[in-house]
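This report concerns only the one structure given below.
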Amino acid sequence: MSFVRPEIIRPPSEWRSYYLPLTSGCSNNTCTFCNYYGSKLRLRELEDVLKEIDALALFKTKGICLPSISYVVYAVARGWDGRRVFLQDGDALVYPFPRLKEVLEHLNEKFPSLERVGAYATARDILQKSPAELKILKELKLGILYMGVESGDEEILRRVGKGVNYRQMVEAGRRVKEAGIALSVTVILGLGGVEDSERHALATAEILTEIDPDYAGALTLTLVPGTPLAVQVREGLFHPITPFQSLEELRIILENSSFTHCFFSSMHASNYFSIKGWLPGEKERMMGELAYVLARKDPRLLRPEYARGL
Ligand code: SF4
């Protein structure tokens with residue numbers, strides 16, 4: 001079956017990147033809350049990736065569009081400044097090392113102004129690359145990896161089909177940082193449901209502290225229709241937390257975690273309330289903002305349900 005270009009799903013900070021697909025789907029398609037659940041991982045032919053890079057360079061240097069190249073390439077390329085590339089899809093780091101190296105070499109050759117390449121990665125993808133390989137990728141400008149941690153609680157990780165445990169995620173994070181690649185992680189408020197809310201938050205603070213990433217983002221659980229978790233909610237087997245309980249989890253995470261130098265935020269569209277700042281410096285201010293909202297419990301202070309997004 002030929003490779004189908006995936007729709008663009010990317011971290012908010014990659015808004016000005018060129019989106020270059022290496023894969024579609026996710027190698028760990030078992031997370032019960034995720035829209036990649038059940039997706040089939042496909043690796044794109046290296047030759048096609050290189051052809052797209054050539055076409056992109058031709059367009060950016062001479063303004064020439066080739067009829068054999070997808071219109072999406074030119075639509076994305078039009079506003080692109082040649083500096084950042086985001087490799088799609090759900091975990092592009094699964095792309096085998098020799099091919100990934102060749103893609104990065106080709107990008108560097110064609111775009112001398114290239115500053116940073118980013119990709120989503122599972123902990124397993126990271127652990128399958130050796131420290132030496134990660135360093136080579138870093139030298140070729142792989143500058144940031146985005147890893148979904150979701151929770152620090154082993155039981156919750158197992159329950160949601162994350163496919164890796166606490167220690168593997170800590171080890172993967174360490175390996176990324178040792179290679180000099182920036183590490184951005186996400187956790188999901190509400191993933192333990194009502195019953196395990198506090199345990200989830202405390203364990204998540206613990207794993208964040210241990211990973212000590214450069215960027216940490218909190219998302220709030222959003223039920224994706226058709227996923228096993230959405231079915232569990234419908235059948236009364238999983239009890240989602242309320243918006244204010246999600247802020248309480250955020251408060252526990254913030255209070256109980258410590259970082260060397262981390263930009264922590266809950267700016268993602270799934271959240272009911274946004275906080276952001278550099279930790280540890282801005283912790284007090286951020287805790288104050290949360291305390292204000294939690295003390296009032298006024299729904300008007302929250303992002304309305306209709307304005308939330310995945
Ligand atoms: S590893 Fe990430 S992208 Fe893949 S299914 Fe799990 S949450 Fe989704």
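Residues His239, His268 ordered from highest to lowest accessible area at a 1.4 Å probe: His239, His268. Could you state the angle between the C-alpha long axis of helix 97-110 and the longest principal axis of the C-alpha atoms of the chain, as a value from 0 to 90 degrees rounded to the nearest 10? Here the helix axis deviates by roughly 70 degrees. If one takes the longest principal axis of the Cα atoms in the chain, at what angle in degrees, from 0 to 90 and to the nearest 10, does the Cα axis of helix 197-211 lie? It is inclined by approximately 50 degrees.
Relative to the Cα centre, the charge distribution of region 185-280, modelled as +1 at Lys and Arg Cβ and -1 at Asp and Glu Cβ, gives a dipole magnitude of about 320 debye.
Each label point was placed 7 Å from the Cα along the Cα-to-Cβ direction; for Glu109 and Arg78 their separation is 3.0 nm.
The apolar share of the surface of the chain, taken as the fraction of accessible area on carbon and sulfur atoms (1.4 Å probe, ligands and nucleic acids excluded), comes to 54 percent.
Counting only cysteine Cβ atoms and a cutoff under 4.7 Å, the chain contains unmatched residues Cys26, Cys65, Cys262.
Modelled spin-label separation between Thr260 and Met287, with each label point placed 7 Å from Cα along the Cα-to-Cβ direction: 2.3 nm. Relative to the longest principal axis of the Cα atoms of the chain, the long axis of helix 243-256 lies at roughly 80 degrees. Say we join alpha carbon atoms closer than 10 Å with springs in a Gaussian network model of the chain; which of Ser13, Ser130, Ser258 then has the biggest fluctuation? Judging by the Gaussian network model, the answer is Ser13. A 1.4 Å probe, protein heavy atoms only, puts the accessible area of Glu115 near 100 Å².
Mean residue ellipticity, 222 nm, helices only, the chain: the sum of -39500 (n - 2.57) across DSSP H runs of n ≥ 4, divided by residue count and rounded to 500, is -12000 deg cm²/dmol. Straight-line reach from Lys110: taking Cα to Cα under 24 Å and skipping same-chain neighbours fewer than 8 places apart, the lysines in range are Lys51, Lys60, Lys62, Lys101, Lys135, Lys138, Lys141. The GNM of the chain, with springs linking C-alpha atoms under 10 angstrom apart, assigns the highest mean-square fluctuation among Val160, Val117, Val233 to Val233.
Approximating the spin labels as points 7 Å out from Cα along Cα→Cβ, the Lys297-to-Leu237 distance works out to 3.1 nm.
Largest to smallest in accessible area, the residues Trp80, Trp278 fall in the order Trp278, Trp80 (1.4 Å probe, all protein chains included). Loop-located GluC sites (Glu not before Pro) across region 221-310 with a Cβ neighbour count of 11 or fewer within 10 Å are Glu235, with loop assigned by DSSP. Computed about the Cα centre, the dipole magnitude for the chain is approximately 780 debye when only Lys and Arg (+1) and Asp and Glu (-1) carry charge, each at its Cβ.
The values are calculated or read from the model by the stated rules, or taken from the named source; none is laboratory data. These figures come from a predicted structure and were not determined experimentally. A quick note on method: Cβ atoms are made from the backbone with ideal geometry, for glycine too, and the neighbour counts reach across all protein chains shown. Keep in mind that these areas ignore ligands, DNA and RNA; they rest on the heavy atoms of the full protein, side chains included. Shrake-Rupley method; radii C 1.70, N 1.55, O 1.52, S 1.80 Å.
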